[in-house]
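Report on the following structure.
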Amino acid sequence: MFCPECSFEYLNNITICTDCGVSLIDIQPKSELLSNMDWITIANFTGAVFAEMAVEILKKNHIPCYTKGDFFSSAFSIKALSLSGGSVKLYIPSSFQTQAEGLLENIISENG
(Lines give C-alpha, C1' and ligand atoms only; values in the text may rest on other atoms or scores of the structure.)
Protein backbone atom coordinates (compact mmCIF):
# COMPACT_ATOMS: atom_id res chain seq x y z
CA MET A 1 0.00 0.00 0.00
CA PHE A 2 1.26 3.47 -0.91
CA CYS A 3 0.30 7.03 -0.07
CA PRO A 4 -0.71 8.95 -3.22
CA GLU A 5 0.55 12.20 -1.61
CA CYS A 6 4.00 11.37 -0.16
CA SER A 7 4.58 7.97 -1.87
CA PHE A 8 5.49 6.34 1.46
CA GLU A 9 5.01 2.56 1.51
CA TYR A 10 2.89 0.89 4.22
CA LEU A 11 2.04 -2.69 5.21
CA ASN A 12 -1.07 -4.13 3.52
CA ASN A 13 -3.24 -3.95 6.65
CA ILE A 14 -2.83 -0.14 6.95
CA THR A 15 -5.32 1.97 4.99
CA ILE A 16 -4.57 5.61 5.92
CA CYS A 17 -1.27 7.52 5.64
CA THR A 18 -0.26 8.61 9.14
CA ASP A 19 1.47 11.74 7.80
CA CYS A 20 -0.97 12.91 5.11
CA GLY A 21 -4.25 11.49 6.44
CA VAL A 22 -5.33 10.21 3.01
CA SER A 23 -6.43 6.73 1.90
CA LEU A 24 -3.67 4.48 0.60
CA ILE A 25 -3.61 2.94 -2.88
CA ASP A 26 -2.30 -0.41 -4.17
CA ILE A 27 -0.04 1.02 -6.89
CA GLN A 28 3.06 3.04 -6.12
CA PRO A 29 2.72 6.58 -7.51
CA LYS A 30 5.25 7.53 -10.16
CA SER A 31 7.90 9.88 -8.90
CA GLU A 32 10.60 11.79 -10.66
CA LEU A 33 14.01 10.10 -10.73
CA LEU A 34 16.37 11.64 -8.20
CA SER A 35 19.02 12.08 -10.88
CA ASN A 36 16.58 14.17 -12.98
CA MET A 37 15.75 16.58 -10.16
CA ASP A 38 17.20 20.09 -9.97
CA TRP A 39 19.21 20.00 -6.71
CA ILE A 40 19.80 23.24 -4.79
CA THR A 41 21.64 24.21 -1.61
CA ILE A 42 19.10 25.07 1.06
CA ALA A 43 21.54 25.66 3.93
CA ASN A 44 25.23 25.89 4.72
CA PHE A 45 25.90 24.71 8.28
CA THR A 46 29.05 25.44 10.28
CA GLY A 47 28.99 21.98 11.84
CA ALA A 48 27.62 18.50 11.38
CA VAL A 49 25.16 18.58 14.31
CA PHE A 50 22.67 21.03 12.77
CA ALA A 51 23.09 19.39 9.35
CA GLU A 52 22.25 15.97 10.79
CA MET A 53 19.21 17.40 12.60
CA ALA A 54 17.99 18.98 9.35
CA VAL A 55 18.43 15.73 7.42
CA GLU A 56 16.36 13.84 10.04
CA ILE A 57 13.53 16.38 9.77
CA LEU A 58 13.54 16.27 5.97
CA LYS A 59 13.61 12.47 5.80
CA LYS A 60 10.76 12.23 8.29
CA ASN A 61 8.76 14.44 5.94
CA HIS A 62 9.76 12.42 2.85
CA ILE A 63 11.92 15.14 1.31
CA PRO A 64 14.95 13.79 -0.58
CA CYS A 65 18.19 15.35 0.64
CA TYR A 66 21.91 14.88 1.01
CA THR A 67 24.81 16.69 2.65
CA LYS A 68 28.30 17.42 1.42
CA GLY A 69 31.16 18.69 3.55
CA ASP A 70 33.85 21.12 2.49
CA PHE A 71 36.93 19.86 0.61
CA PHE A 72 38.97 18.85 3.67
CA SER A 73 36.15 16.97 5.36
CA SER A 74 35.26 15.22 2.10
CA ALA A 75 38.81 14.41 1.05
CA PHE A 76 39.96 13.15 4.44
CA SER A 77 36.67 11.77 5.79
CA ILE A 78 36.68 14.24 8.68
CA LYS A 79 33.38 15.48 10.12
CA ALA A 80 32.99 19.25 9.79
CA LEU A 81 32.36 19.48 13.52
CA SER A 82 35.93 18.43 14.25
CA LEU A 83 37.46 21.11 12.04
CA SER A 84 37.60 24.76 12.93
CA GLY A 85 35.59 26.58 10.29
CA GLY A 86 34.37 23.38 8.66
CA SER A 87 31.07 23.54 6.80
CA VAL A 88 28.35 21.19 5.55
CA LYS A 89 25.97 22.05 2.71
CA LEU A 90 22.46 20.60 2.63
CA TYR A 91 20.97 19.86 -0.81
CA ILE A 92 17.34 19.22 -1.76
CA PRO A 93 15.38 19.11 -5.03
CA SER A 94 14.20 22.63 -5.91
CA SER A 95 10.58 21.42 -6.07
CA PHE A 96 10.71 20.88 -2.26
CA GLN A 97 12.25 24.28 -1.41
CA THR A 98 9.19 25.98 0.10
CA GLN A 99 8.23 22.95 2.19
CA ALA A 100 11.81 22.37 3.39
CA GLU A 101 12.36 26.02 4.31
CA GLY A 102 9.22 25.93 6.45
CA LEU A 103 10.33 22.76 8.22
CA LEU A 104 13.89 23.96 8.80
CA GLU A 105 13.20 27.61 9.61
CA ASN A 106 14.35 27.35 13.24
CA ILE A 107 17.46 25.28 12.54
CA ILE A 108 18.59 27.53 9.69
CA SER A 109 18.06 30.71 11.75
CA GLU A 110 19.92 29.20 14.76
CA ASN A 111 22.87 28.31 12.53
CA GLY A 112 22.66 31.55 10.54
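Of the conditions (1) modelled with pLDDT under 80; (2) out of contact with any helix residue (DSSP H, G or I) (no Cβ under 6 Å at 6 or more places or on another chain), Ala48 satisfies every one except a single condition; which number is it?
It is condition (2) that Ala48 fails.
State whether the residues of region 91-110 include one that is on the phi > 0 side of the Ramachandran plot, modelled with pLDDT under 90 and outside the structural domain of Asp19 (by TED's automatic domain parsing). Before you say what the answer is, go through the steps one by one.
The first filter runs over region 91-110 and keeps only residues on the phi > 0 side of the Ramachandran plot, leaving none.
Checked region 91-110: no residue is on the phi > 0 side of the Ramachandran plot, modelled with pLDDT under 90 and outside the structural domain of Asp19 (by TED's automatic domain parsing).
The values are calculated or read from the model by the stated rules, or taken from the named source; none is laboratory data. Owing to the predicted nature of the structure, the values given are computational and were not obtained by experimental measurement. All Cβ positions, even for glycine, are placed from backbone atoms using ideal geometry, and neighbour counts span all protein chains on display.
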